[in-house]
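Enquirer: What follows is a single structure, and I will ask about it in a moment.
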Amino acid sequence: MIIENAVQLRKLYSFPSGRAKDKMFSTLDKHAIHFISKSPFAILSTCNTDKKMDASPRGGNPGFVKVYSNNVLVIPDAKGNNRLDSLVNIINSGTIGILFLIPGIDETLRLNGKAVITTDEEYLNLFSDENIAPKTCILVNVEEVFLHCAKALMRSKLWLEDTKINRNEFPTMGEMLKDQLGGNKIAESQEDMVKRYKKDL
């Protein structure tokens, strides 16, 4: 049976209660701010006006996302592949979801809000110490924020050393793209790719 509405869904699941129901806030408290300050990695979720979704990773030094106030975040748009999927989606829909992760911590921080793309110097100057200054920033007005329990990362054993895959046992990005796109060029090695990427970090 395909579940077609929330009434059908709730016949299978109970409603949230206690902390699960009460933990959502509309502003950043000290724990959310501390979590963001320690996070070197986040996943941005965006959609366009046709409801087509996109999830994009973002990374930097811990605290690379700046807390501007208790309801405003600033995310630098670091140099990437120029697809601009997330930025175009934000322009179209004005919304964003963010999942913050900290290596070694199984809990995550979830955040939803309104977003715009800005070139205002006031925000760009927050990243003046970066190797490559961002051309734009994502300005996020927080609407919902809450800590997410550890179950998913515990199940995945994401941070445990013995669950890591040996990189040599996995195809390189160059090999995968060669298979997907074809062509006669020799696949870029992992070492060459890392050297190329490091120029733009």
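Enquirer: Quickly run through segment 6-24 and pick out the residues that are among the polar types (S, T, N, Q) and more than 25 Å from F146 (Cα to Cα).
Expert: Hit for segment 6-24 is Q8, nothing else.
Enquirer: Then there's this: When you scan segment 143-201, how many residues do you find that are over 30 Å from G113 (Cα atoms) and not acidic (D, E)?
Expert: Counting residues in segment 143-201 that are over 30 Å from G113 (Cα atoms) and not acidic (D, E) gives 32.
Enquirer: Let me ask something additional. Here are some conditions: (1) assigned to a helix (DSSP H, G or I); (2) modelled with pLDDT under 95. K79 meets all but one. Which one does it not meet?
Expert: Condition not satisfied by K79: (1).
Enquirer: Any residue that is surrounded by 13 or more Cβ atoms within 10 Å (Cβ to Cβ), modelled with pLDDT of 95 or more and among the charged types (D, E, K, R) - is there at least one of those in segment 117-130?
Expert: no
Enquirer: Scanning segment 15-55 for residues that are of a type in the set (G, A, S) and part of a loop (DSSP other than H, G, I, E, B), which turns out modelled with the highest pLDDT?
Expert: Here the residue is S39.
Enquirer: If you check A150, A133, which single one turns out to be assigned by TED's automatic domain parsing to the domain that holds K66 and in contact (Cβ under 8 Å) with a residue 12 or more places away in the chain?
Expert: None of the others qualify; the one that does is A150.
Enquirer: Could I ask something else about it? Checking L160 against (1) at pLDDT 95 or above; (2) on the phi > 0 side of the Ramachandran plot, only one condition comes out false. Which one?
Expert: With (1) at pLDDT 95 or above; (2) on the phi > 0 side of the Ramachandran plot applied to L160, the lone miss is (2).
Enquirer: Now, a different point. If you check every pair at least six apart or on different chains, which have Cβ atoms under 7 Å apart with a residue in segment 30-46 that is assigned by TED's automatic domain parsing to the domain that holds K114 first and a residue that is modelled with pLDDT of 95 or more and of a type in the set (K, R) second?
Expert: A42/R58; L44/R58
Enquirer: Which one is surrounded by the fewest Cβ atoms within 10 Å (Cβ to Cβ), of the residues in segment 102-111 that are of a type in the set (D, E, K, R) and over 11 Å from the mean Cα position of the chain (by Cα)? Steps first, answer last, please.
Expert: The first filter runs over segment 102-111 and keeps only residues of a type in the set (D, E, K, R), leaving 106-107, 110.
Pick out the ones that are also over 11 Å from the mean Cα position of the chain (by Cα) and you get 106-107.
Values: D106: 18, E107: 16.
Once the filter is applied, the top-ranked residue is E107.
Enquirer: For segment 145-201, give me each residue that is closer than 30 Å to R19 by Cβ and of a type in the set (S, T, N, Q). Give the steps one after another, and end with the answer.
Expert: Narrowing segment 145-201 to residues closer than 30 Å to R19 by Cβ: 145-160, 163.
Residues satisfying the conditions are S156, T163.
Enquirer: Then there is this: With K66, K52 as the choices, which residue is in the same structural domain as S128 (by TED's automatic domain parsing) and exposed (fewer than 15 other Cβ atoms within 10 Å of the Cβ)? Give the steps one after another, and end with the answer.
Expert: On the way: K66 fails: exposed (fewer than 15 other Cβ atoms within 10 Å of the Cβ).
The conditions single out K52.
Enquirer: Could you list, in sequence order, all residues of segment 80-101 that are charged (D, E, K, R) and loosely packed, with under 15 Cβ neighbours inside 10 Å?
Expert: Within segment 80-101, R83 is the sole residue that qualifies.
Enquirer: For segment 170-201, give me the residue count where each residue is in a loop (DSSP other than H, G, I, E, B), surrounded by 10 or more Cβ atoms within 10 Å (Cβ to Cβ) and among the charged types (D, E, K, R).
Expert: Adding up the residues that qualify gives 3.
The values are calculated or read from the model by the stated rules, or taken from the named source; none is laboratory data. Only a predicted model underlies this, so the values are computations on that prediction, with no experimental measurement involved. Positions of Cβ are generated from backbone atoms using ideal geometry, with glycine treated the same way; all protein chains shown enter the neighbour counts.
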